[in-house]
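One structure, as C-alpha cells, below. Some questions next.
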Amino acid sequence: MGSTEDLDYPQTILQYSSGFLVSKVMFTASELGVFDLLLESGEPLSSDAIAARLGTSTTGMERLLDACVGLKLLAVELTKEGALYRNTEISNIYLTKSSPKSQYHIMMYYSNTVYLCWHYLADAVREGRNQYERVFGISSEDPFGAMYRSEEEMLKFMAGQNSVWSICGRDVLAAFDLSPFRQICDLGGGGGALARECVSLYPNSTVTIYDLPKVVQVAKEQFIPPEEHRITFHEGDFFNNSIPEAELYILSKILHDWDDDNCRQLLAKVYKACKPGGGVLLVESLLNEDKNGPLETQLYSMNMLVQTEGKERTAAEYSKLLEAAGFGEVQVKRTGKLYDAVSGRK
C-alpha cells in the first residue's frame, strides 16, 4: 500500500472497503447450497434452474452466481441457451459439504457468529473486551457460554473446528515427531478431529479428549465412532478440575482464548500432571516477533479481542509462558500454513 498507483487512485483502499462483501457472497452461496447442488447435478446449470431448485428469486440468484464467477468460485459457459454455471475445483474441494476437506461449517460459524460480533469492533477496541453481551445478550465473562449458547450452535462450532483440522491437522502434528508419546491428552479437544488425525499419524498412541461434559456428549454422539478405541474421553473444566496424567498434552487453539494469567495457571496445571520426560504441544497461529504479520494472524488477534479474553502471540511469548510453567527444551516449528507448533519438555 502507498504505491504511486494507490495515491493516484485508491485501489487498495477500495478493495479493503469491500472485503466483507466478498466474505458474505461466499458465505451466502454456501448457506443456500449452490456449491452442493452443482456438485450433485454433475452438469452445469442455468441460474433459473439453480434458483428453482434452491427456492430463491431468479434475479438474486443470477447476481450471486455472477459474483461467485468474479471470485473464481464458479465458472460460467455462455451457450445459445444462456449462461451455464459450474463449480471450480477449489469449490468442489473446500465449499461442498460432502468433501472431506470441506470448510462449510467454519464458514457458517463465521457468518452467523463472528460476522455479528465484528459489527461491534469499535466497541471492543474502546473497552478492551469481547462483545457477546451486545450481540447475544450473554455475559462477556463467559465467552464459551456464547459459543455454546444452544446445542445447535455448539454443534456448529465443533463442526467448524473439525473442518479446520481437516486441512491443517496433519501439518501441526507432524511438525515434531510425537511417536515416543503413547499416552496423549488433547485439552479442549472438542469434536475430536485433531485426535483422530493424531491416532492416524501415530497408530501406537492413544488420545484422551478432555473437555466440558456437554462437549464430550456431542463429540461421542456426532463425531467419534464407538469403534475408535484409541480415543477416549475425560469430562471436566481444565481451570476448575484436575487434569488427567499423560505423557503429552496438546493445547490446540486454547491459549489464544485467554489472557497471560489464565495461560500461566493452565500451563502450571499441565506441568504438574505431566509425566516426567513428557511434554506439551501448543498449536497456535504465530505472530512474527516484531508483530508486523502475518496479516491473517493479526486479524485473528483482533477476533480474539472481539470474541474471547485472549490474543495471538509470538513464538517468544509462548516460549516465555511455557518456561514460566517449568517446561524446557522449547522448540518452534512454522508449518507455512495457518497454524504452527511450539513444543516443550518436562
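Residues in segment 284-308 that are crowded, with 20+ Cβ neighbours inside 10 Å and among the acidic types (D, E): how many?
Count: 1.
What do you reckon, is Q131 over 17 Å from the mean Cα position of the chain (by Cα) and of a type in the set (S, T, N, Q)?
So Q131 fits the description; yes.
Then there is this: Could you tell me how many of the residues in segment 89-112 are over 30 Å from G137 (Cα atoms), part of a loop (DSSP other than H, G, I, E, B) and of a type in the set (S, T, N, Q)?
Going through segment 89-112 one residue at a time, the tally reaches 4.
With respect to Y115, is the statement that it is surrounded by 17 or more Cβ atoms within 10 Å (Cβ to Cβ) and in contact with a Ser or Thr (Cβ under 8 Å, 6 or more places away or on another chain) true?
Considered against the rule, which asks whether it is surrounded by 17 or more Cβ atoms within 10 Å (Cβ to Cβ) and in contact with a Ser or Thr (Cβ under 8 Å, 6 or more places away or on another chain), Y115 comes out as no.
Out of segment 278-303, which residues are of a type in the set (G, A, S), assigned to a loop (DSSP other than H, G, I, E, B) and more than 16 Å from the chain's Cα centre (by Cα)?
Once the filter is applied, which keeps residues that are of a type in the set (G, A, S), assigned to a loop (DSSP other than H, G, I, E, B) and more than 16 Å from the chain's Cα centre (by Cα), segment 278-303 yields only G293.
Same structure again: Run S23 past the list (1) farther than 23 Å from K97 by Cβ; (2) within 21 Å of the chain's Cα centre (by Cα) and report the number of the one that doesn't hold.
Going through the list (1) farther than 23 Å from K97 by Cβ; (2) within 21 Å of the chain's Cα centre (by Cα), S23 breaks only (1).
Oh, and also: Inside segment 305-324, can you point out the residues that are more than 14 Å from D290 (Cα to Cα) and either in contact with a His (Cβ under 6 Å, 6 or more places away or on another chain) or of a type in the set (K, R) (or both)?
Correct list: G310, K311, K320.
If we keep just the residues of segment 130-147 that are modelled with pLDDT of 85 or more and in contact with a Leu (Cβ under 9 Å, 6 or more places away or on another chain), which is surrounded by the fewest Cβ atoms within 10 Å (Cβ to Cβ)?
In this case the residue turns out to be F136.
Yes/no matrix, rows are residues, columns are (1) more than 30 Å from G137 (Cβ to Cβ); (2) touching a residue at least 24 places away in the same chain (Cβ under 8 Å):
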{"residue": "Q15", "(1), (2)": "yes, no"}
{"residue": "I50", "(1), (2)": "yes, yes"}
{"residue": "L65", "(1), (2)": "yes, yes"}
{"residue": "V69", "(1), (2)": "yes, no"}
{"residue": "N87", "(1), (2)": "yes, yes"}
{"residue": "V114", "(1), (2)": "no, yes"}
{"residue": "H119", "(1), (2)": "no, no"}
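Considering (1) within 24 Å of A174 (Cβ to Cβ); (2) touching a residue at least 40 places away in the same chain (Cβ under 8 Å); (3) charged (D, E, K, R), say which one E228 fails and leave the rest.
(2)
Grab the helices (runs of 4 or more DSSP H) fully contained in segment 1-83, keeping just those with 2 or more residues being within 28 Å of W118 (Cα to Cα) and of a type in the set (G, A, S).
19-32, 58-70
Something else: Could you grab me the full set of residues in segment 238-272 that are among the aliphatic types (A, V, I, L, M), part of a helix (DSSP H, G or I) and crowded, with 18+ Cβ neighbours inside 10 Å?
Once the filter is applied, which keeps residues that are among the aliphatic types (A, V, I, L, M), part of a helix (DSSP H, G or I) and crowded, with 18+ Cβ neighbours inside 10 Å, segment 238-272 yields L255, L266, L267, V270.
Out of everything in segment 52-63 that is touching a residue at least 12 places away in the same chain (Cβ under 8 Å) and not basic (K, R), what residue ends up being surrounded by the fewest Cβ atoms within 10 Å (Cβ to Cβ)?
Here the answer is L54.
Considering every residue within segment 23-41, establish whether at least one is modelled with pLDDT under 95, in contact with a helix residue (DSSP H, G or I) (Cβ under 9 Å, 6 or more places away or on another chain) and of a type outside the set (A, V, I, L, M, F, W, C).
No, segment 23-41 has no match at all.
Within segment 315-331, how many residues are of a type outside the set (G, A, S) and either buried (at least 17 other Cβ atoms within 10 Å of the Cβ) or in contact with a Cys (Cβ under 6 Å, 6 or more places away or on another chain) (or both)?
6
Now, a different point. Going by the structure shown, is Y110 under 16 Å from A29 (Cβ atoms), surrounded by 17 or more Cβ atoms within 10 Å (Cβ to Cβ) and aromatic (F, W, Y)?
Spelling it out, Y110 is indeed under 16 Å from A29 (Cβ atoms), surrounded by 17 or more Cβ atoms within 10 Å (Cβ to Cβ) and aromatic (F, W, Y).
The values are calculated or read from the model by the stated rules, or taken from the named source; none is laboratory data. Remember, it's a predicted structure, so these values are computed and weren't measured experimentally. Positions of Cβ are backbone-derived with ideal geometry, glycine not excepted, and every protein chain shown enters the neighbour counts.
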